[in-house]
Amino acid sequence: MNRAKTANRLDVGLALTLLVIAWLMALTAPDELRGPWDLLSHGARSWTVVVLPAASLATILGIPLGIVSTLITRTHARLITWLLEILGGFPSIILVALLRSLTIQSDYALPISIIALMAVRIPETVCYVRTQSLRFRSSESYLATYALGAGPARLLFNHLLPSNAPALISMTFINVGVLTGIESAMAFVGLDATQSSWGTQIGHAIAQGHIRETLTPMIALMATLFATYRLAETARRRMSPNTMRPTDG
């Protein structure tokens, strides 16, 4: 049991260390590229400028949209469900590629890239919050409190969000991991808003025949994915009030 706890703490510590290093590299990225470290720094800066805002906005906007979708009329709720099904079923990488290809040369390439990535993950966040909201509204505690005069919006925001905070935090980390992969794939094919991401570096190295130069950005990319998914799993398991933890003996 102690060995498992120690291993888990080491994994989480490593994941946090990797993300902190990426953040520090982004802050200290030089204007000129002189070596492998500078390439990593520019890739980290691209990650913090594009991926992190998109993942955070997907969660921040998805929560109120999911709750509001349960408070409107059935006609509007069906419309929202229909839109979510379309966005969720449409291949995300094609959606991002389409929006980026139309704006890659414009002055709005960066904000459009963030919006495109955000749109990929908003449907899942909205669907999760909407499902939990509908389930909560049918519970006895909600009906009893509602009978005492509390409004449905207040009940949902005050009682639903705290109980689902672990899952939402975990979903945010998952959003970061998923969008990191999509962003790198788009950069690899030349649709990079910052022209400095790890995917762009891998693509340039392969195009020039310098296969060895792909090793550094690939390691950075894999380390970032490991860190985000590891933290997502830890947040889900450790913060959930329903998690049963075995005791020694």
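Readers should treat all values here as calculations from the given coordinates under stated rules, not as data from a laboratory. Computed from a predicted model, the values in this text were never measured in an experiment. Neighbour counts run over all protein chains shown; Cβ positions are idealised from the backbone, glycine included.
Tabulated data for the structure shown
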{"item": "Nitroxide proxy distance, nm - points 7 Å out along Cα→Cβ at Ile206 and Thr131", "result": "3.4"}
{"item": "Least to most buried among Phe188, Phe157 (fewest other Cβ within 10 Å first)", "result": "Phe157, Phe188"}
{"item": "Sites Ala165 and Ile219, calculated FRET efficiency, Cβ-Cβ separation with R0 45 Å, nearest 0.05", "result": "0.85"}
{"item": "Simple spin-label estimate for Ser141 and Ala153 in nanometres, 7 Å along Cα-Cβ", "result": "2.3"}
{"item": "Distance between the stretch 164-186 and the stretch 66-88 - C-alpha centres, whole angstrom", "result": "22"}
{"item": "Unit charges on C-beta of K, R, D, E only; dipole of the stretch 110-187, Debye", "result": "200"}
{"item": "Residue order, fewest to most beta carbons within 10 Å, for His42, His159, His76", "result": "His76, His159, His42"}
